[in-house]
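Just below is one structure, and these are the notes that go with it.
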Number of protein chains: 2
Amino acid sequence: MYDLAGADPAVRFSPYCWRVRMALAHKGLPVETIPWRFSDKSAISFSGQGAVPVIRDGQTVLHDSWAIADYLDAQYADRPALMDGSQGRALANFARHFSQAVFAPIAFKAVILDIYNVIDEGDRPYFRQSREARVGKTLEAFAIDEDEARAQMRPALAPLRALLQEQPFLNGDAPAFADYCLFGGFMWVRGVSSKKILAEADPVHAWRERMLDLFDGLGRKAPCSGA
Amino acid sequence: MYDLAGADPAVRFSPYCWRVRMALAHKGLPVETIPWRFSDKSAISFSGQGAVPVIRDGQTVLHDSWAIADYLDAQYADRPALMDGSQGRALANFARHFSQAVFAPIAFKAVILDIYNVIDEGDRPYFRQSREARVGKTLEAFAIDEDEARAQMRPALAPLRALLQEQPFLNGDAPAFADYCLFGGFMWVRGVSSKKILAEADPVHAWRERMLDLFDGLGRKAPCSGA
């Protein structure tokens with residue numbers, strides 16, 4: 001699996017790669033990860049596109065975390081399901097869109113300068129130019145501080161918080177792909193930033209702690225700039 | 001089933017009752033509904049509490065739309081599932097909390113004066129007093145107009161919109177209880193108000209149209225003040 005890395009190759013911070021890392025652990029499948037940088041387009045050109053995660057499983061090459069999850073459930077159907085039936089798949093899709101439409105825009109403002117600082121020096125001009133063009137501001141003008149991030153995250157995560165007051169995981173009593181879709185976003189923040197975007201008393205914080213502990217602490221043990 | 005009614009007993013506008021009406025239709029179970037008003041606490045005291053929906057199925061009396069959905073799936077397991085397995089139940093719970101934490105607070109401001117006008121005159125003093133105490137303002141100061149409602153609803157529904165651009169129903173290819181949980185909120189608005197809280201080009205609007213058509217137009221045919 002090709003996995004986005006920082007200047008320190010041990011720091012892996014792609015939310016989409018983390019979805020797949022967690023999905024592979026859920027299936028009990030071992031994986032070798034290869035650190036990859038934004039500018040290494042040629043290293044993954046065999047996949048027919050330019051973004052990670054990219055996995056190779058025997059002769060099969062796949063990209064896109066959603067397609068990879070579908071593949072893993074189909075190819076390894078005898079192992080625990082990531083998405084159980086059509087309603088389970090719909091739940092993961094809702095969690096994915098909630099992460100992208102609600103969580104990510106706030107988190108992006110909170111960590112954009114941290115990302116800039118953690119990525120390889122060779123990636124910085126590409127990152128600054130592409131992101132400033134996208135947001136229409138300098139990175140510095142676009143960024144928000146920890147207090148503001150927490151203040152914006154609190155109301156935005158209200159439906160998730162209500163859910164997690166009733167059940168330990170998005171998927172119910174046990175975690176599965178819906179949880180990994182959202183957790184990928186939290187690992188992205190944790191990989192690059194020491195900002196605390198959740199209050200410690202928040203039920204979402206308690207869920208994140210449970211997620212960090214899964215699979216023998218896969219998330220918690222991962223080298224990061226955060227806490 | 002005891003079902004919240006307006007001054008016109010044909011107008012039924014409880015979001016929780018609509019969840020159950022749709023759930024019963026999904027199961028193919030016939031139902032007789034009994035109009036109920038906020039002040040008729042004694043009529044449902046046999047259920048041990050004071051809110052609708054209340055259903056009686058043979059010797060069984062139940063209240064709370066969520067408990068009723070669980071009962072229907074357990075009691076009528078041979079009929080189409082409302083919540084398919086633990087992940088299907090988690091999806092419905094996420095949809096329920098999304099409806100309550102994201103949709104309802106905006107919708108409530110949009111329709112609060114419409115509700116006041118549609119309910120039975122005898123219910124109005126109770127409604128005004130209890131709601132003004134809850135929101136800390138007069139109903140008139142709390143209310144928002146149609147344009148403001150649509151402006152607030154647009155970004156709030158972003159994750160739902162993204163999901164419904166990929167699949168026709170929250171539950172996937174076919175509707176089930178997650179859809180009914182959210183649709184109940186739209187039937188509440190439609191029952192009492194002519195405000196259009198969605199743009200016609202919004203994929204959420206197209207989903208609402210599909211929902212109104214289900215079960216031979218159960219929602220669309222229901223007497224209402226809306227459109």
Name the residue, out of A:F186, A:F142, A:F98, whose mean-square fluctuation peaks in a Gaussian network model built on chain A with Cα pairs under 10 Å. A:F142
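Once neighbouring chains are kept in place and the probe is 1.4 Å, which whole percent of the accessible area of the protein assembly as shown is contributed by carbon and sulfur?
Numbers: 9470 of 18860 Å².
Its accessible area is 50 percent carbon and sulfur atoms.
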If you take the accessible area of A alone plus B alone and subtract the pair, what total do you get in square angstrom, rounded to 100, with a 1.4 Å probe? 2200
For B:K27, list the aspartates and glutamates whose Cα falls under 19 Å from its own Cα; do not include residues on the same chain fewer than 8 positions away. B:D3, B:D57, B:D64, B:D70, B:D73, B:D78, B:D84, B:D173, B:D179, B:D213, B:D216
At A:E209, label 7 Å along Cα→Cβ: distances to the other copies, nm, ascending? 4.9
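Around A:I55, under 13 Å between beta carbons, what's the net of Lys plus Arg minus Asp minus Glu among the other residues?
Net local charge, A:I55 excluded: -1.
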Pair-distance profile P(r), taking every C-alpha pair of the protein assembly as shown, with 10 angstrom steps and integer %: 4, 19, 27, 24, 15, 9, 3, 0
Using a Gaussian network model of chain A whose springs link C-alpha atoms within less than 10 Å, name the residue from A:P15, A:P168, A:P125 with the highest mean-square fluctuation. A:P125
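Which value, in debye to the nearest 20, describes the size of the charge dipole of the protein assembly as shown about its Cα centre when Lys and Arg Cβ atoms bear +1, Asp and Glu Cβ atoms bear -1, and nothing else is charged? Before the final figure, lay out the partial values.
On the way: 52 positive and 56 negative charges, 91 e Å.
That gives the protein assembly as shown a dipole magnitude of about 440 debye.
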Got a sec? What order do A:E166, B:E121, A:E132, B:E148 fall in by accessible area at 1.4 Å, biggest, i.e. largest, first? B:E121, A:E166, B:E148, A:E132
Quantify how strongly other chains surround peptide B:162-175 by giving the mean number of their Cβ atoms within 10 Å of each of its Cβ atoms. 4
In nm, what does the list of distances from B:G136 to its counterparts in the other copies look like, shortest first, when each label sits 7 Å along Cα to Cβ? 3.4
If you count the DSSP beta bridges with both ends in chain B, what percent of them are antiparallel, to the nearest 5? 70
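If you count only protein heavy atoms with a 1.4 Å probe, what accessible area per residue comes out for segment A:40-99, rounded to a whole Å²? It would help to have the intermediate numbers written out before the result.
Numbers: 2660 Å² over 60 residues.
Roughly 44 Å² per residue, with all protein chains present.
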When the Kirkwood radius is taken over all Cα pairs of segment A:1-138, what Stokes-Einstein diffusion coefficient follows at 37 °C and 0.692 mPa s, in µm²/s? 200
Between chain B and chain A, with a rotation axis joining them, whose C-beta in B is nearest that axis, and what is the whole-Å distance? B:L91, 2
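Going down the list B:K41/B:K221; A:K137/A:K195; A:K109/A:K137, which pairs span over 18 Å between their C-alpha atoms?
Numbers: B:K41/B:K221 28 Å; A:K137/A:K195 22 Å; A:K109/A:K137 11 Å.
The answer is B:K41/B:K221; A:K137/A:K195.
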Of the candidates A:G48, A:G184, A:G217, which one comes out as most mobile in a Gaussian network treatment of chain A with C-alpha springs shorter than 10 Å? A:G48
What does the average come to when, for each residue of peptide A:92-102, you count the partner chain Cβ atoms lying within 10 Å of its Cβ? 6
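The values are calculated or read from the model by the stated rules, or taken from the named source; none is laboratory data. This structure is a prediction, so every number in the text was calculated from the model and none was measured. All Cβ positions, even for glycine, are placed from backbone atoms using ideal geometry, and neighbour counts span all protein chains on display. Heads up: the accessible areas ignore ligands, DNA and RNA and are worked out on the full protein's heavy atoms, side chains in. Shrake-Rupley method; radii C 1.70, N 1.55, O 1.52, S 1.80 Å.
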